[in-house]
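Engineer: Mind having a look at this structure? Questions to follow.
The values are calculated or read from the model by the stated rules, or taken from the named source; none is laboratory data. Keep in mind the model is a prediction, meaning the values are calculated, not measured. Here the Cβ positions follow ideal geometry from the backbone for every residue, glycine too, while neighbour counts run over all protein chains shown.
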Amino acid sequence: MTLLNMRKIFIDCGTNMGMGFADLAPRFGVDHTWEVFGFEPNIYAYDEYVKNIQSGRFSVLENKNFNLKQKAVWCEDTELDFYHEAVTKDYGQDEINKLNESYKQGLSLDFIDYDLPATGGSCVKEFHDQLQRPENHAKKLHFPKIGKVEAIDFSRFIIDNFNQNDYIVLKMDIEGSEYKVLPKMIEDGSISYINNLIIEWHNWQFPQYNELTNSLSSTISSLGVQITGWG
């Protein structure tokens, strides 16, 4: 079966404001014939992504079949404590101004507001409490808000909605939660539904997961899934 005749799926776990999709969609030729699913637990980032789609300012978001959910992906259906990340005054105003000007010109989908906790490092409490961030990174970012978020059993979502004849691109940038989600996908067999996994591993801020990172990467590759680093 050729790609032309396959059901084509792009799943974005940790959408933020849409930057990842905007970068990857052209690489994979994502157009109106694809189904695009997105999960973003940070309500502020989620709302900005929806605004970006509705604005008509970004051609990469036009004529796409979006199905976005303000939910976290996890290893079970539950409710989780969730920390919203924001920038501190140490981030650097020049860097912020440059990013925000790019957003105004329609060249970038994200912007920074000191009072808007919508940056990409937002995470569930279980991983927030394990963070071992480099000092220069930690001083620029903080977690001013915590709330509850609905989480789904992502492995079950894959099995219930797709089959192994589909072509599925999965982008995953979920701030440590990959260490809960991917083992469940391997256990259930849902990882074999995925053709391409584009992932940011977060062992750089969770060094206690270095060994698990290597093990998961090796196992997933051995199952025929193409893995590409992200971030």
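Engineer: Could you pull out the residue among G120, G106 that is on the phi > 0 side of the Ramachandran plot and modelled with pLDDT under 95?
Structural biologist: G106
Engineer: Answer yes if at least one residue in the stretch 102-118 is within 16 Å of M17 (Cβ to Cβ), crowded, with 16+ Cβ neighbours inside 10 Å, among the small types (G, A, S) and in contact with a strand residue (DSSP E or B) (Cβ under 9 Å, 6 or more places away or on another chain), and no otherwise.
Structural biologist: Checked the stretch 102-118: at least one residue is within 16 Å of M17 (Cβ to Cβ), crowded, with 16+ Cβ neighbours inside 10 Å, among the small types (G, A, S) and in contact with a strand residue (DSSP E or B) (Cβ under 9 Å, 6 or more places away or on another chain).
Engineer: Would you tally the residues in the stretch 192-231 being of a type outside the set (S, T, Y) and touching a strand residue (DSSP E or B) at 6+ places or on another chain (Cβ under 8 Å)?
Structural biologist: Number satisfying all stated conditions: 14.
Engineer: Does the stretch 205-224 include one or more residues that are closer than 20 Å to F39 by Cα and not in a loop (DSSP other than H, G, I, E, B)?
Structural biologist: Among the residues of the stretch 205-224, not one is closer than 20 Å to F39 by Cα and not in a loop (DSSP other than H, G, I, E, B), which makes the answer no.
Engineer: Please indicate, with yes or no, whether at least one residue in the stretch 80-95 is of a type in the set (K, R), modelled with pLDDT of 95 or more and out of contact with any Gly (no Cβ under 8 Å at 6 or more places or on another chain).
Structural biologist: no
Engineer: Do any residues in the stretch 21-49 that are among the hydrophobic types (A, V, I, L, M, F, W, C) have Cβ atoms under 6 Å from those of residues that are surrounded by fewer than 17 Cβ atoms within 10 Å (Cβ to Cβ) and not in a loop (DSSP other than H, G, I, E, B), where the two are at least six apart or on different chains, and which pairs are they?
Structural biologist: A22/V60; A25/V60; V36/N65; F37/N67; F39/K69
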